[in-house]
Amino acid sequence: MKKFLFSIALVGVSMMSFAQNSMYFKAQDAMNAGKLDDALSMIETALVNPKTTKIADLYNLAAEIHAMKLNPELMNAAKNLPFDTIKFCTNLDKAMSFYQKSHEADVTPDKKGKVKPRFLKLNHDRILSMIDYYNYAAVFANNMGNQDLSLDYFAKYLDMPNSPVFSATEKDSLMQVKKVAYLQTAKNMAILHYGKKNHNEALKYSEIALQDTEGLRDLFIIKMQSHLALGDTTAWLNTLKDAAERTGDFGFMQNILYHYVTTNDLAGAQKMSDDMVTSAPESKNSWYMKGCVDLNMTKNYPAARESFAKALAIDPNFVEANTNMAYTYINEVVTRKQNGEFKYVGTGKNISQKELPKYQKELATVKKYYEDALPYMLKVRELKPESPKDWAYALQMIYENLVMKAEKKEVDAIIEGMR
């Protein structure tokens, strides 16, 4: 009798499980009848019941239903017709979530330790075909002004190759095939996080995005400013150096030099420029930076000229090197005047007949500096005729010291027109 009662109990449990699992078929019928929301409600009821065993089946069915709800919006978007972006985003996210849950349930061992997957290919193929939709959803969410949701979708898009539905080989393949899109996604996330002052996240994603070769300037600025916001000036300086080296942007190079000048860190500046020359002796920027250190900090004008000459040998049309080459001559003669090396020229002193030879010798020395500076500044004018602020004042000084009256008059008029 006890054995009989025990069997009755087992039948009772089996019937309860069957009742819950039959909900799957009812939901399937509702889906086929177009009653998608009713079907989802049935699935939700079945999933929260501990007696339900068709977990993978129910999750897969829920995913398929949300994919069906997504499809009309997807078709309209593909045809450039109006569509509901909220429905697009919501149903995509739910479909992808349910496909992955179905996969997890499908590969989970049963009570006997056995794995009997039935949806591996279906879940895999569906997820693979829908990956890029997350990128679209992120853009749609951002356009709607919901940056948090946009970041969530971008993060899911970036992380999708790590889904357990993909093998290690498939993951590597996806990362390679979609590399350009993923790097752009990382850039988008860096920009959004930076705008929200999430500086650690901005650093994380800018570092990923900097694997690219395009749009580096903005990414380096985000990275530098994030380091500053977090109070890490050492990381800021290292990022600035990296930015200057990778982009060749003179704004970055001038900022490096400005940092060393304002902190009076001559040793740091010299090490930086020496390291650049050592690591990239074929780079015009390396020699340019070394010349700038000698021009602005050590005031070693002959050494600066040697470096600028090497930069110009690589690129004769290097505007900044031409400019600074001219200033090595102008600044040196001005410095020598300030140091009192010239006893007659520029002193306002009346020159006696006896002192005339010495005066003329000094005058020839001074004129030689301006004569040497002239061709470089004329080259700057040739290269940037539309930007007189870069050459007019220097040419005015040169022409005045060389007593080139007609040329100075012309430049005077240009400067007057700039005011």
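Looking at Ser102, is it modelled with pLDDT of 95 or more, surrounded by fewer than 20 Cβ atoms within 10 Å (Cβ to Cβ) and of a type in the set (Ser, Thr, Tyr)? So Ser102 does not fit the description; no. Of all residues in region 197-223, how many are assigned to a loop (DSSP other than H, G, I, E, B), open to solvent by less than 90 Å² (accessible area, probe 1.4 Å) and more than 19 Å from Lys178 (Cβ to Cβ)? Looking only at that region, the number is 1.
Return yes when Pro316 is closer than 17 Å to Asp372 by Cα and outside any helix (DSSP H, G or I) and no when it is not. It is true that Pro316 is closer than 17 Å to Asp372 by Cα and outside any helix (DSSP H, G or I). Of all residues in region 164-176, none satisfies being open to solvent by less than 60 Å² (accessible area, probe 1.4 Å) and touching a Ser or Thr at 6+ places or on another chain (Cβ under 6 Å). The set of residues in region 375-392 that are without any contact (Cβ under 8 Å) to a residue 40 or more places away in the chain and surrounded by 14 or more Cβ atoms within 10 Å (Cβ to Cβ) comprises Leu378, Arg381, Pro388, Ala392.
As for region 102-120, it holds no residue that is of a type outside the set (D, E, K, R), part of a helix (DSSP H, G or I), under 21 Å from Ala30 (Cβ atoms) and under 31 Å from the mean Cα position of the chain (by Cα).
For region 54-91, which positions are surrounded by fewer than 18 Cβ atoms within 10 Å (Cβ to Cβ) and assigned to a loop (DSSP other than H, G, I, E, B)? Matches in region 54-91: Lys79, Asn80, Leu81, Pro82, Phe83, Asp84. For Pro357, the stated conditions do not hold, so it cannot be described as farther than 25 Å from Lys290 by Cα, open to solvent by 50 Å² or more (accessible area, probe 1.4 Å), of a type outside the set (Val, Ile, Thr) and outside any helix (DSSP H, G or I). Within region 104-113, at least one residue is closer than 20 Å to Pro161 by Cα, of a type outside the set (Asp, Glu) and without any contact (Cβ under 8 Å) to a residue 60 or more places away in the chain. Among the criteria (1) over 19 Å from Lys368 (Cβ atoms); (2) free of Cβ contacts under 8 Å to residues at least 60 places away in the same chain; (3) not in a loop (DSSP other than H, G, I, E, B), the one Met325 does not fulfil is (1).
Inclusion of Arg381 among residues that are charged (D, E, K, R), assigned to a helix (DSSP H, G or I) and closer than 28 Å to Pro316 by Cα is warranted. Between Asn324, Asn296, Asn300, the distinction of being of a type outside the set (Phe, Trp, Tyr) and at pLDDT below 95 belongs to Asn296 only. Taking each residue of region 333-354 that is outside any loop (DSSP other than H, G, I, E, B) and looking for partners that are surrounded by 12 or more Cβ atoms within 10 Å (Cβ to Cβ) with beta-carbon atoms closer than 6 Å, six or more apart or interchain, yields Val333/Val366; Val333/Tyr369; Lys337/Gly346.
Go through region 261-296 and give me each residue that's open to solvent by 40 Å² or more (accessible area, probe 1.4 Å) and either outside any helix (DSSP H, G or I) or touching a Leu at 6+ places or on another chain (Cβ under 6 Å) (or both). Residues satisfying the conditions are Thr263, Asn264, Asp265, Pro281, Glu282. The set of residues in region 229-245 that are in a helix (DSSP H, G or I) and surrounded by fewer than 15 Cβ atoms within 10 Å (Cβ to Cβ) comprises Thr233, Thr234, Asn238.
The values are calculated or read from the model by the stated rules, or taken from the named source; none is laboratory data. From a predicted model like this one, the values you see are computed outputs, not experimental measurements. So basically every Cβ, Gly included, is an ideal-geometry build from the backbone, and we count neighbours across all protein chains shown. The protein model used for the area step is the full one, side chains on, heavy atoms only, and it has no ligands, DNA or RNA in it. Shrake-Rupley method; radii C 1.70, N 1.55, O 1.52, S 1.80 Å.
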